[in-house]
1. Report, ordered by the first and then the second residue, all pairs with beta carbons closer than 6 Å, sequence separation of six or more or different chains, a first member in the range 87-101 that is of a type in the set (Gly, Ala, Ser), and a second member that is at pLDDT 85 or above.
2. Assuming Thr70 fulfils every condition listed in (1) under 26 Å from Pro37 (Cβ atoms); (2) surrounded by fewer than 19 Cβ atoms within 10 Å (Cβ to Cβ) apart from one, which condition is it?
3. Considering every residue within the range 75-88, establish whether at least one is of a type in the set (D, E, K, R) and either under 23 Å from Cys140 (Cβ atoms) or within 16 Å of the chain's Cα centre (by Cα) (or both).
4. So which of Leu54, Leu35, Leu76 is touching a Cys at 6+ places or on another chain (Cβ under 9 Å), of a type in the set (A, V, I, L, M) and either in a helix (DSSP H, G or I) or without any contact (Cβ under 8 Å) to a residue 60 or more places away in the chain (or both)?
5. If the Cβ limit is 8 Å and pairs must be 6+ apart or interchain, which residue in the range 57-68 that is over 17 Å from Ile82 (Cα atoms) pairs with which residue that is loosely packed, with under 13 Cβ neighbours inside 10 Å and modelled with pLDDT under 85?
6. Just wondering, is there one or more residues in the range 12-20 that are touching a Phe, Trp or Tyr at 6+ places or on another chain (Cβ under 8 Å) and at pLDDT 80 or above?
Amino acid sequence: MECCKKFKLDCCDFLGIFISIVTGVLMGVYFTPYLMPFIGTGLFISILIGVVALLIVAIGAFAASSEDYTPLVKSLCKNGKILLIAIVGTLLTATIGLTIFLFAFEIFSSILIGLWAFFFILTLIYMVKFLFYIIKKICC
């Protein structure tokens, strides 16, 4: 497919990445040990959201493989690469965070929380963009 040959970023991509970076930096900087119970819950929820997002993308990819130029195929070509990177990053950082459950290594914990927040927000933004693009192509 010709739409998958080029990797083009538009202003929404830059805005989504910028918001994710700012959120990740703020979460990493303002992380304190007092927030550990909330962070643990957030990590668990992000794993669930990441798995659901991965299932949606995987099922969509299998469904899209049967037809050529449907809105699902176009949305996967446009958003699929960054979305998969964000989902895998969310799952990895959240799993690492839950595995070590943010021991007393404050600097490492802050970096891990910042990375997790970056990937989690990026996953949410690109899932919304993925679904919005499909709905826009179907309705217009």
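The values are calculated or read from the model by the stated rules, or taken from the named source; none is laboratory data. Bear in mind the structure is a predicted one, so any value in this text is a computation, not a measurement. Reconstructed Cβ throughout: ideal geometry from the backbone, glycine too, with neighbour counts over all protein chains shown.
1. Close Cβ pairs satisfying both conditions: Gly89/Phe119; Ala94/Leu43; Ala94/Ser46; Ala94/Ile47; Ala94/Trp116; Gly97/Leu43; Gly97/Leu112; Gly97/Trp116.
2. Only one criterion is unmet by Thr70, namely (1).
3. Keep residues of the range 75-88 that are of a type in the set (D, E, K, R), which gives 78, 81.
Those still in the list that are either under 23 Å from Cys140 (Cβ atoms) or within 16 Å of the chain's Cα centre (by Cα) (or both) too: 78, 81.
Within the range 75-88, one or more residues are of a type in the set (D, E, K, R) and either under 23 Å from Cys140 (Cβ atoms) or within 16 Å of the chain's Cα centre (by Cα) (or both).
4. On the way: Leu54 fails: touching a Cys at 6+ places or on another chain (Cβ under 9 Å); Leu35 fails: touching a Cys at 6+ places or on another chain (Cβ under 9 Å).
It is Leu76.
5. So the pair list comes out as Asp68/Met1.
6. To start, the set of residues in the range 12-20 that are touching a Phe, Trp or Tyr at 6+ places or on another chain (Cβ under 8 Å) comprises 16, 20.
Okay, now just the ones that are also at pLDDT 80 or above, so 16, 20.
Yes, some residue in the range 12-20 is touching a Phe, Trp or Tyr at 6+ places or on another chain (Cβ under 8 Å) and at pLDDT 80 or above.
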